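For reference, the structure is listed below as structure tokens.
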Amino acid sequence: MALENLGKALNNALRKLARSNTVDQALIREVVRDIQRALIQADVNVRLVLQLTKKIEKRALEEKPPAGVSRKEHIIKIVYEELTNFLGREAKPIEIREKPTVLLAVGIQGSGKTTSIAKLARYFQKRGYRVGLVCSDTWRPGAYQQLKQLVEPFGIEVFGDPDEKDAVKLAREGVEYFKKKGVDIIIVDSAGRHKEEKGLLEEMRQISSSINPHEVILVVDGTIGQQAHNQALAFKEATPLGSIIVTKLDGSAKGGGALSAVAATGAPIKFIGTGEKIDDLEPFDPKRFVSRLLGMGDIEGLLEKFEELSKEQKIREQDVDKFLKGKFNLKDMYAQLEAMSKMGPLKQILQMIPGLGYSLPDDAVRVSEERLKKFKIIMDSMTEEELERPEIINYSRIKRIARGSGTTPKDVKELLNQYNQMKKFFKSMDKRKLSKLARGFNLGGI
């Protein structure tokens, strides 16, 4: 079960509670069973699931709600609190206390380590830090080129030598090179290993003793599920200076298992990879993660994304307002979707709005980069009047637009259907949800 499906299943369990007329022992146990089923299907360890749900059930049956809080609301709060505790309680950021701060990344081959390092470099760059990357991966052919290709568009420099076979020497020389250049953060990429922890931890010790990093980062593949427990535990025992990035959580059937397995060791999960783009890395905050998972939103995370976007691209408040009220035309739709796509998948962004959760129809918001490109080509073949008044586009116009754009009438209809679905969706949205989103744009400085 992918994380989105886990969220839907947990959200459905809480909705069953919210919609019921009476909250009795039978209902509480039914909701707890639904939560158990959802977590086990997401590959969370059965023993951990039973421990967690036993706590939820005990508190739900025994605790009295505080004054002014209904029993339903109190039980939902209990579920939120216990899931948050289960995944680590508090966010633990990587601290940049001195310059340069040296970070060493290690991971099993195929864990997504090199991509995660590029994402981490971009994350810090967007926050005003000067970052240098050192490729000491002498094991995998093309590692240096891959890292360089990922970060070159953003002006992030990579130190490395594909012909050098001494990883420790490369790491040491790379750190010295960037220290002389006066960068704020140096991230060292090490070679992955086919085997499990032994070779990985030995390399970590060798390079660590050479470059003396402020923090060592273990990159764990989120698709390995409960197996993540052993990697995280061995890493935690090997070094007190540690952080963990769990990758590939966007479509992983075992993402819940990996997150819970790592959290169970007490090792600090500091980032999670949520997609393939270089910006798809976010700090792991158990409270915010669980809030989104349960469909309760994440306004703080939304505002951060707005703030990042506002630094890169100017968006007028009246354009956003027009879009949210369903009063937009095709030109408006493309401009806003293109802007929001820079923050991540639209569905992911809208799920950050409290109360919206998993009520979004997939076909109304699933706009991939490829479809956006095709839509732009189609719109380039439309007249100004058609862009501003899409309702005038009849079948003869559709055929002309398809010919002019090198697409098919079906593609043109898909664009128009997407437009009509989104317009209808936003018009039908609860006004309170709209005002929260609009307020988020305003506060985000856009």
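Derivation of every value follows stated rules applied to the coordinates shown; laboratory data play no part. Here the structure is a predicted model, which means the values were calculated and not measured. Glycine also receives a Cβ, built like all others from the backbone with ideal geometry; neighbour counts cover every protein chain displayed.
Of the two radii for the stretch 1-156, the radius of gyration is 1.16 times the Kirkwood radius, both from the alpha carbons; that is the Rg over Rh value.
Residues whose amide H falls under 5 Å from that of T101, counting only those 5 or more places apart or on a different chain, are I185, I186, with hydrogens built in the peptide plane. In this rough spin-label picture, where each label sits 7 Å from Cα along the Cβ direction, the F154-V69 distance is 3.9 nm. Computed from phi, the 3J(HN,Hα) profile of the stretch 258-269 under the Karplus parametrisation 6.51, -1.76, 1.60 (θ = phi - 60°) reads 5, 4, 5, 5, 5, 4, 5, 7, x, 6, x, 7 Hz, with x in place of Gly and Pro. When only Cα pairs below 8 angstrom with a gap of at least 6 residues are kept, the stretch 120-180 shows a relative contact order of 36 percent. Each Cα pair under 8 Å and six or more residues apart adds its sequence gap; the mean of these over the residue count of the stretch 85-218 is a relative contact order of 41 percent.
Couplings for the stretch 405-419, taken from phi via the Karplus curve 6.51 cos²θ - 1.76 cosθ + 1.60 with θ = phi - 60°, read 9, x, 10, 10, x, 4, 5, 5, 5, 4, 4, 5, 5, 4, 4 Hz in order; Gly and Pro are left as x. Database remark: amide H of W139 closer than 5 angstrom to no amide H (H placed geometrically; neighbours at sequence offset of 5 or more, or on other chains; Pro and chain starts carry no H).
Can you pick out the pairs among K55/K248; K331/K413; K148/K373 whose Cα atoms lie more than 23 Å from each other? In this structure, K55/K248; K148/K373 lie more than 23 Å apart at Cα. Residues in the stretch 241-270, backbone N under 16 Å from the label point at E95 (7 Å along the Cα-to-beta-carbon vector): list them, ranges by number please. Inside the label zone: 241-244, 268-270. The simple spin-label model puts a point 7 Å past each Cα toward its Cβ; for K179 and N230 those points are separated by 3.8 nm. Between the amide H of F159 and those of L133, V134, C135, distances stay under 5 Å, these residues lying 5 or more places away or on another chain, with hydrogens modeled in the peptide plane.
Label sites at L61 and R47, each approximated as a point 7 angstrom past Cα along Cα to Cβ, lie 2.3 nm apart.
Using R0 = 35 Å, the C-beta based FRET efficiency linking T22 and E81 works out to 0.90.
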